[in-house]
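Novice: My structure is below; once you've seen it, I'll send some questions.
Only the coordinates and a few stated rules stand behind these numbers; no lab work does. Keep in mind that this is a model prediction, so the values were computed, not measured. Ideal geometry is used to build each Cβ from the backbone, glycine not excepted, and the neighbour counts take in all protein chains shown.
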Amino acid sequence: MKPPSFEGKIHRPESLQSWIGDVARPLVFTNGVFDILHRGHVTYLARAREEGAALLVALNSDASARRLGKGAERPINPLEDRLAVLAALGCVDAASWFEEDTPEKLIAAVRPEVLVKGGDWPVERIVGAPQVLARGGRVLSIPFEHERSTTRLVERIRGP
């Protein structure tokens, strides 16, 4: 059986160079765990995509996500599943991942014109911001429109 077409949007980090040459510019880059996708996530991703011609979302690998201190049971969904769900979104042009604690090497490799994070990230703390700004790009902290949290969802599911 042929895989769904959205799986063609998933790129191994080492193969991004071949994809990046054909991508529409300006390229928007964002990253995160995106464990249990919720309204806050999809609204944020849609807003990020509006900032350029293509959106690349880089996910923390499972080990990288665990090092963020969200709990030993996180992420709940494994990387392969998180990649597939994000790639299926119409606003996402490509999805990849990184094993390190930050996506700094990936940002340097793909050279996005626009770098975005959610509203809880001040621009001066966004990894890769100095490099993107030095190339004449933009760095944005997109305000939250829907206060949602995967951590709070997990707590609700588990109950009191």
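Novice: Just check segment 80-160 against the gyration tensor rule for me: Cα atoms, a ≥ b ≥ c as the square roots of the eigenvalues, rounded for a/c under 1.5, and otherwise prolate or oblate depending on whether a/b exceeds b/c.
Specialist: Verdict is prolate for segment 80-160.
Novice: Tell me, how many Å apart are the Cα centres for segment 19-47 and for segment 53-129?
Specialist: 8 Å
Novice: Next question, about the same structure. For K105, go through the aspartates and glutamates and keep the ones whose alpha-carbon is under 17 Å away, minus same-chain ones fewer than eight residues off.
Specialist: Within the straight-line limit of under 17 Å, K105 reaches these aspartates and glutamates: E14, E113.
Novice: List the aspartates and glutamates whose Cα sits under 18 Å from the Cα of K117, skipping any in the same chain fewer than 8 residues away.
Specialist: Within the straight-line cut-off, K117 pairs with D35, E50, E51, D93, E100, D101, E104, E145, E147.
Novice: Magnitude of the Cβ-charge dipole of segment 5-160, K/R +1 and D/E -1, about the Cα centre, nearest 20 debye?
Specialist: 280 debye
Novice: Amide H neighbours of N31 under 5 Å, at least 5 residues apart or on other chains, H built in the peptide plane: list them.
Specialist: Those qualifying (amide H under 5 Å, at least 5 residues apart or on another chain) are A58.
Novice: Then there's this: When the chain is fully extended, how far beyond the present Cα-Cα distance does Q17 get from Q131, taking 0.36 nm per residue of separation?
Specialist: Roughly 39.2 nm would be gained on extension.
Novice: Taking amide H atoms as placed 1.01 Å from N in the peptide plane, list the residues 5 or more away in sequence, or in a different chain, whose amide H sits under 5 Å from that of V139.
Specialist: Correct list: L115.
Novice: Can you tell me how much longer the chain between E99 and A24 gets when fully stretched, taken as 0.36 nm per residue apart minus their C-alpha distance, in nm with one decimal?
Specialist: Length difference between fully extended and current span is 24.4 nm.
Novice: Go ahead and run the numbers for FRET between L68 and R158, Cβ-Cβ distance against an R0 of 25 Å, rounding to 0.05.
Specialist: 0.85
Novice: As a test of the formula, what do you get for the chain when each DSSP H run with n ≥ 4 contributes -39,500 (n - 2.57) and the sum is divided by the residue count, at 222 nm and rounded to the nearest 500 deg cm²/dmol?
Specialist: It lands at -8500 deg cm²/dmol.
Novice: Could you compute the net charge surrounding A108? Neighbours are other residues with a C-beta less than 12 Å from the C-beta of A108; K and R count +1, D and E count -1.
Specialist: Computed value for this residue: +1.
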